[in-house]
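See structure below.
The values are calculated or read from the model by the stated rules, or taken from the named source; none is laboratory data. Just so you know, these numbers come straight off a predicted model, no measurement behind them. All Cβ positions, even for glycine, are placed from backbone atoms using ideal geometry, and neighbour counts span all protein chains on display.
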Amino acid sequence: MTPEQKPKLRSALWFDNPGNPGMTALYLERYLNFGLTREELQSGKPIIGIAQTGSDLSPCNRHHIELAKRVADGIRAAGGVPLEFPVHPIQETGKRPTAALDRNLAYLGLVEVLFGYPVDGVVLTTGCDKTTPAMIMGAATVDLPAIVLSGGPMLDGHFEGELVGSGTVVWEARRRLAAGTIAYDKFIDMVAGSAPSVGHCNTMGTASSMNAMAEALGMSLPGCAAIPGPYRERAQISYETGRRIVEMVHEDLRPSKILTRDAFENAIVCASAIGASTNCPPHIIAIARHIGVELDINDWDRIGYDIPLLVNMMPAGKYLGEAYYRAGGLPAVIGELMRHGKIRETALTVSGRTIGEENRGKRGIDADVIRDYANPLAERAGFAVLTGNLFHSAIMKTSVISREFRDRFMSEPGDPDAFEGRAIVFEGPEDYHGRINDPSLNIDADCILVIRNCGPIGYPGSAEVVNMLPPDALVQKGVNQLPCIGDGRQSGTSGSPSILNASPESAIGGGLALLKTGDRIRVDLKDRSANILIDEAELSARRAALTLPELVNQTPWQEIHRRFTGQLETGAVLEQAVAYQRIAERFGVP
Ligand code: FES
Ligand code: MG
């Protein structure tokens, strides 16, 4: 095809529209004012957006400011024109009340940018937890050619000769602080030791998990997710990503061709094998809903539960990101899963080749870091999806159930999959911190800690608070964990087998709202149930007497979010946004 025969690019509507010379001149002139030439903008070169999630406010993604230069080099080398633009910052550790409130806001912002500006394709820079789903959700709604560039994890952290991992170190350091074995200064130094370089969390927390999900979905170049942020390979794949997006525009390779049901099933299987964060189900379901693929919370149990844990990385295992990358990263995991028939191999990736073609024959080179299927770190490592009178659904990451937890709580003869306990109910994180050490609660090893009002509407955004430490007195006696249940989330870096993401949440009248301190709760993993052990008449009476908490909005967005956002089990998306699909094609792409 000669250039004249090529179909016109979407950006020509702005920059080269002979039918409307007045508007073309207006659109063109301001993009020339920093040195772009008319030739660049009118020669039919794809205009490639670089969605920049890095900034001083978002340190996990900050090195994307540097990486974007290599992306731009790649775009130019392949005959495109790069235009970088900012994304609303999302920093997991910096945003109050919680970064979860901002995922849908960044999503909305990206949709408006991609739809309303002269962009033919986009590089999605991702890293910190919610940046990855926010970017893919936005690309899914608009459905322009899009490719994920992960920022990669930080280098492995060390403190006093120990390997210390992001987030995971906080739980351990808090335990030591509570037990009185370290002082405040050492506590801070120990936590800071986990962050030795640029990059996102170096554990298999939500960031490593969600970037792996992007790769498993086919949305990034193969091998992209695990490369540590500071490595040369990270800058090199930035260049390759820039080159590839230009080709994707010419091939019209859009997210809707990649994000198929098969791709989502691959993501679920990979999530189990890597020991992924409990934040993956809501984010992946959100992406599925925006691209229009049926996926529900029970698919995670059905497709993922039986898959073994292959990656030996904190919090489920012992290594960090560098060891994982050197051992082969996600391609080695997918290669191993393929040898056992667990991957839907014909799913297409952004490379233009299938996930099977990309990963066939890939193997780990360190059998302790990336295990063989026959010698896993844990059998059946997926999420168990529970139901009962406490909630319609909640998930439990069974791969992190420790020996201690199993022996203490799941050792009933003949019923090793169940545990029962006395509920201690907290009304949110402030209440938990205020009362956990109150001796009048009589918390002992027979108790189940429950936290409510922490869901997407209650908190708002949904707080990462369900993994609660037992009272100091119990920790000092060696009880490091109690079973926890809540309608919030927990950090992906936590190794706690909490029952979380309970939907519907307490603040809108879910079953947790009916619970009282002192009630007995029974959880049975075999039949996937979790119930308050009181009769239906008493439950009905409590339901009739229930008054919902008054929710205070501190910002306009909190009010808008509360009005339009759904529950975690359905992705906590802006429900009205789901109807807007493939909008670039439906509205005005030539
Ligand atoms: Fe940003 Fe973990 S806090 S990646
Ligand atoms: Mg988190």
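What the table below lists for this structure:
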| item | result |
| --- | --- |
| Conditions (1) away from ligand 1 (no atom under 16 Å from the Cβ); (2) under 26 Å from Ile287 (Cα atoms); (3) part of a helix (DSSP H, G or I); number of the one not met by Lys186 | (2) |
| Qualifying residue in the range 308-316 (condition: in a helix (DSSP H, G or I) and buried (at least 23 other Cβ atoms within 10 Å of the Cβ)) | no |
| Pairs where the first residue, in the range 165-193, is under 23 Å from Leu482 (Cβ atoms) and the second is away from ligand 1 (no atom under 16 Å from the Cβ) and charged (D, E, K, R), C-beta under 7 Å, 6+ apart | Ala178/Asp472; Ile182/Arg176 |
| Any hit, the range 232-246, residues being part of a loop (DSSP other than H, G, I, E, B) and not β-branched (Val, Ile, Thr) | no |
| Hey, Asp120 among the acidic types (Asp, Glu), within 16 Å of ligand 2 (Cβ to nearest atom) and crowded, with 17+ Cβ neighbours inside 10 Å or not | no |
| Subset of the range 254-279 [within 16 Å of ligand 1 (Cβ to nearest atom) and either polar (S, T, N, Q) or more than 17 Å from Pro308 (Cβ to Cβ) (or both)] | Ser277, Thr278, Asn279 |
| Of all residues in the range 114-141 being out of contact with any strand residue (DSSP E or B) (no Cβ under 6 Å at 6 or more places or on another chain) and within 17 Å of Asn61 (Cβ to Cβ), the one that is nearest to ligand 1 (Cβ to nearest atom) | Asp129 |
| Tabulated pairs, the range 531-545, first within 12 Å of Gly511 (Cα to Cα), second in a helix (DSSP H, G or I) and of a type in the set (Gly, Ala, Ser), C-beta under 8 angstrom, 6+ apart or interchain | Ile532/Gly511 |
| Among residues of the range 441-469, those that are part of a loop (DSSP other than H, G, I, E, B) and farther than 16 Å from Arg520 by Cα, counted | 17 |
| Residues of the range 438-493 classified as within 16 Å of ligand 1 (Cβ to nearest atom) and free of Cβ contacts under 8 Å to residues at least 60 places away in the same chain, total | 1 |
| Qualifying residues in the range 282-307 (those that are assigned to a loop (DSSP other than H, G, I, E, B) and not charged (D, E, K, R)) - the one surrounded by the fewest Cβ atoms within 10 Å (Cβ to Cβ) | Gly292 |
| Selection within the range 317-338 - assigned to a helix (DSSP H, G or I), among the small types (Gly, Ala, Ser), touching a residue at least 40 places away in the same chain (Cβ under 8 Å) and touching a helix residue (DSSP H, G or I) at 6+ places or on another chain (Cβ under 9 Å) | Gly321, Gly329 |
| Residue count, the range 56-85 (criterion: away from ligand 2 (no atom under 16 Å from the Cβ) and assigned to a strand (DSSP E or B)) | 5 |
| Residue among Ile508, Ile485 that is within 30 Å of Gly180 (Cβ to Cβ) and touching a Leu at 6+ places or on another chain (Cβ under 9 Å) | Ile485 |
| Unique residue being within 16 Å of ligand 1 (Cβ to nearest atom), part of a loop (DSSP other than H, G, I, E, B) and within 30 Å of Pro470 (Cβ to Cβ) when the list is Ser197, Ser166 | Ser166 |
| Search result, residues across the range 545-589 that are over 25 Å from Ala502 (Cα atoms) and among the charged types (D, E, K, R) | Arg582, Glu585, Arg586 |
| Subset of the range 129-176 [more than 16 Å from ligand 2 (Cβ to nearest atom), within 21 Å of Val198 (Cβ to Cβ) and surrounded by fewer than 24 Cβ atoms within 10 Å (Cβ to Cβ)] | Leu155, Asp156, His158, Phe159, Leu163 |
| Residues of the range 290-309 classified as out of contact with any Asp or Glu (no Cβ under 6 Å at 6 or more places or on another chain) and over 18 Å from Leu217 (Cβ atoms), total | 6 |
| Number of positions in the range 472-505 that are more than 30 Å from Thr547 (Cα to Cα), away from ligand 2 (no atom under 16 Å from the Cβ) and either buried (at least 24 other Cβ atoms within 10 Å of the Cβ) or not charged (D, E, K, R) (or both) | 9 |
| Single residue of Asn202, Asn211 found to be of a type outside the set (A, V, I, L, M, F, W, C), within 16 Å of ligand 2 (Cβ to nearest atom) and more than 13 Å from the chain's Cα centre (by Cα) | Asn202 |
| Test: residue in the range 36-55 that is in a helix (DSSP H, G or I), among the hydroxyl-bearing types (Ser, Thr, Tyr) and more than 31 Å from the chain's Cα centre (by Cα) | no |
| Number of the exception - Arg96 against (1) away from ligand 1 (no atom under 16 Å from the Cβ); (2) of a type outside the set (A, V, I, L, M, F, W, C); (3) out of contact with any helix residue (DSSP H, G or I) (no Cβ under 9 Å at 6 or more places or on another chain); (4) not in a helix (DSSP H, G or I) | (1) |
| Selection within the range 73-93 - within 14 Å of ligand 1 (Cβ to nearest atom) and touching a residue at least 40 places away in the same chain (Cβ under 8 Å) | Ile90, Glu92 |
| Test: Pro413 is in a loop (DSSP other than H, G, I, E, B) and in contact (Cβ under 8 Å) with a residue 40 or more places away in the chain | no |
| Qualifying residue in the range 350-359 (condition: among the aliphatic types (A, V, I, L, M), more than 30 Å from Ala507 (Cβ to Cβ) and in a helix (DSSP H, G or I)) | yes |
| Hits in the range 522-533 (condition: out of contact with any Phe, Trp or Tyr (no Cβ under 9 Å at 6 or more places or on another chain) and at pLDDT 95 or above) | Arg528, Ser529, Asn531, Ile532, Leu533 |
| Tally of residues being closer than 17 Å to Gly329 by Cβ, surrounded by fewer than 21 Cβ atoms within 10 Å (Cβ to Cβ), in contact (Cβ under 8 Å) with a residue 60 or more places away in the chain and touching a helix residue (DSSP H, G or I) at 6+ places or on another chain (Cβ under 9 Å) across the range 224-239 | 3 |
